[in-house]
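Below is one structure, written out as structure tokens; the observations come after it.
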Amino acid sequence: MNKLPSPRIVITAAGAATPVGLTLAQTAAAVRAQIANFNEISWCDKEYEPFVIAYIPEECLPDLPSTLTASTQYSRRESRMLRAANLALQDLARAQPDLDAAIPLLLALPQDATTDHNELWNALLSLTSLPIDPEHSAIIPRGRAAGLIGVDEATKLLTQGTAEFVLVGGCDSEYDLERLGHLDRVGRLKSDINLDGFIPGEGAGFLLLSTERTAAKLGLTTLGVIAATARGFEHGHLHSETPYRGEGLSETWQALLGNLAGQREHKIATLYSSMNGESYWAKELGVCTIRHQDSLVEAPFISHPADCFGDLGAAFGPVMISLAATGLQRGYRRGPVLVYCSSDHGHRAAAILHKIQCH
């Protein structure tokens with residue numbers, strides 16, 4: 001008996017909010033133009049120099065509903081995460097269809113312990129107009145890779161027929177004195193005296209995923225096809241004493257390319273990377289591209305949008321998927337596109353996108 005092909009997974013709506021754009025369209029235009037938004041703030045590092053970060057201006061962040069703030073006191077970081085998420089959800093809502101069926105929410109959050117994941121989850125439920133299915137929803141506190149782990153989980157739910165739509169999102173903010181102080185103490189922030197560091201950022205991104213059949217049945221416009229997903233783990237991660245050998249991302253890419261199941265007639269033309277400026281991540285990508293050069297075009301275009309909006313943490317995956325889909329749809333990025341994210345604590349995840357016309 002021949003195995004029936006799996007349904008194609010498509011993006012039916014997307015939204016984003018970052019330091020370079022309050023919507024996905026604004027963010028995509030800014031990243032394409034290589035516009036950066038890094039600014040000094042009033043807090044100072046251990047050298048008594050102002051921190052430099054990327055952030056969404058206070059006046060651009062919507063206030064949280066009084067129903068939320070009346071019952072819970074959120075930390076500064078949690079409040080900024082939720083307000084950024086509110087912007088991204090409003091952006092997505094402008095394109096999302098009216099849906100009655102319950103929709104799983106897979107929510108990417110930071111891996112560190114400076115936020116209350118359950119409080120954030122409950123607040124996010126009240127910010128979206130979509131009918132969320134709590135039974136098949138999940139919090140994924142895995143940092144940068146969490147959003148793409150969520151996309152991987154969403155493809156399983158959709159392929160198995162557990163849900164017709166899945167909402168995948170992530171939000172994060174480094175605009176927090178405790179968080180910045182920790183990063184400063186361990187020497188990870190970029191400054192005039194530390195070039196091997198990164199610019200902290202903040203933002204949110206959300207994707208509404210479905211199958212191509214469901215989207216066609218409802219007459220929905222689609223942004224792109226998620227052709228394959230994979231995840232892995234790097235044992236030699238930043239917080240491990242195990243030697244780094246670059247196996248985690250390389251094995252993730254190997255699984256990803258294997259999951260294309262006969263769709264490998266085209267080599268990867270574009271890469272979207274969560275590299276944030278630290279040499280560890282550049283070395284990781286270098287190792288990976290050398291090992292998989294036969295699967296890449298001779299000179300793939302590499303986008304590392306942290307150069308524009310800083311390190312988005314848990315928001316990275318959904319935002320970069322949205323940027324990649326926008327670039328493919330508008331014709332300024334060649335496909336297939338490989339999007340990958342790497343977390344500080346070892347988690348790796350990746351996805352390959354095609355244009356919707358690609359079969």
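Annotations for the structure displayed:
- Residue with peak Gaussian network fluctuation, the chain [Cα springs, cutoff 10 Å], from ALA163, ALA204, ALA299: ALA299
- Bridges between two residues of the stretch 250-359, per DSSP, are antiparallel at a rate of about 45%.
- Inverting the pair-averaged 1/r between distinct Cα atoms of the stretch 154-257 gives 17.6 Å as its Kirkwood hydrodynamic radius.
- The relative contact order of the chain comes to 25 percent, based on Cα pairs under 8 Å that sit 6 or more residues apart.
- When the alpha-carbon atoms of the stretch 39-125 are used, the pair Rg, Dmax equals 15.9, 55 angstrom.
- Panel values: the chain, Kirkwood radius from alpha carbon pairs, Stokes-Einstein at 37 °C and 0.692 mPa s, translational diffusion coefficient 162 µm²/s.
- Whole-Å distance, taken between Cα centres, linking the stretch 266-288 and the stretch 301-359: 11 Å
- Estimated distance in nm for a label pair at LEU125 and CYS60, the labels positioned 7 Å out from Cα along Cα-to-Cβ: 3.1 nm
- The lysine pair tally for the chain, using Cα distances under 20 Å and a gap of 8 or more places or different chains, is 5.
- Per residue solvent-accessible surface (Å²) - the stretch 71-215, probe of 1.4 Å: 38 Å²
- For the chain, carbon and sulfur atoms together expose 49% of the accessible surface, with a 1.4 angstrom probe and every protein chain in place.
- Cβ-based charge dipole, the chain, positive-most Cα from PHE316, ASN259, PRO104: ASN259
- Rounded FRET efficiency, nearest 0.05, which uses the C-beta distance separating LYS283 from ALA255 and R0 of 22 Å: 0.55
- In this label model, ASN118 and ARG330 are separated by 4.3 nm, measuring between points 7 Å along each Cα→Cβ vector.
- The dipole here belongs to the stretch 83-193: it is taken about the Cα centre, uses +1 on the Cβ of Lys and Arg and -1 on the Cβ of Asp and Glu, and is about 340 debye.
- The stretch between ARG76 and TYR48 holds 7.9 nm of extra length on full extension. This uses 0.36 nm per residue minus the Cα-Cα distance.
- Think of a 1.4 Å ball rolled over the protein heavy atoms: the stretch 292-359 then has 32 Å² of accessible area per residue.
- Point-charge dipole on Cβ atoms (K/R +1, D/E -1) for the chain, about Cα centre, debye to 20: 1400 debye
- Under-5 Å amide H pairs with ILE302, H placed in peptide plane, nonlocal only: LEU271
- Cβ-derived FRET efficiency at R0 22 Å, LEU238 paired with ILE290, nearest 0.05: 0.55
- For the stretch 157-272, the Cβ-based charge dipole about the Cα centre amounts to some 500 debye (Lys, Arg positive; Asp, Glu negative; other atoms uncharged).
- Among ALA36, ALA113, ALA102: highest mean-square fluctuation, GNM of the chain, C-alpha pairs under 10 Å: ALA113
- Entry note, the chain: the mean residue ellipticity at 222 nm calculated from DSSP H runs of n ≥ 4, each adding -39500 (n - 2.57), is -9500 deg cm²/dmol after division by the residues and rounding to the nearest 500.
- In this structure the amide hydrogen of ALA227, modeled in the peptide plane, comes within under 5 Å of the amide hydrogens of ILE352, LEU353, HIS354, none closer than 5 places in sequence on its chain.
- Between ASP307 and THR221, the FRET efficiency estimated from the beta carbon spacing at R0 = 35 angstrom works out to 0.70.
- Listed peptides 176-182, 333-339 appear in the order 333-339, 176-182 once ranked by packing, highest mean of other Cβ atoms within 10 Å at the front.
The values are calculated or read from the model by the stated rules, or taken from the named source; none is laboratory data. It should be emphasised that the depicted structure is a prediction, and the values quoted were computed from it without experimental measurement. Methodologically, a virtual Cβ is constructed for each residue, glycine included, from the backbone with ideal geometry; neighbour enumeration extends over all protein chains shown. Protein only, heavy atoms only, side chains kept; ligands, DNA and RNA dropped before computing areas. Shrake-Rupley method; radii C 1.70, N 1.55, O 1.52, S 1.80 Å.
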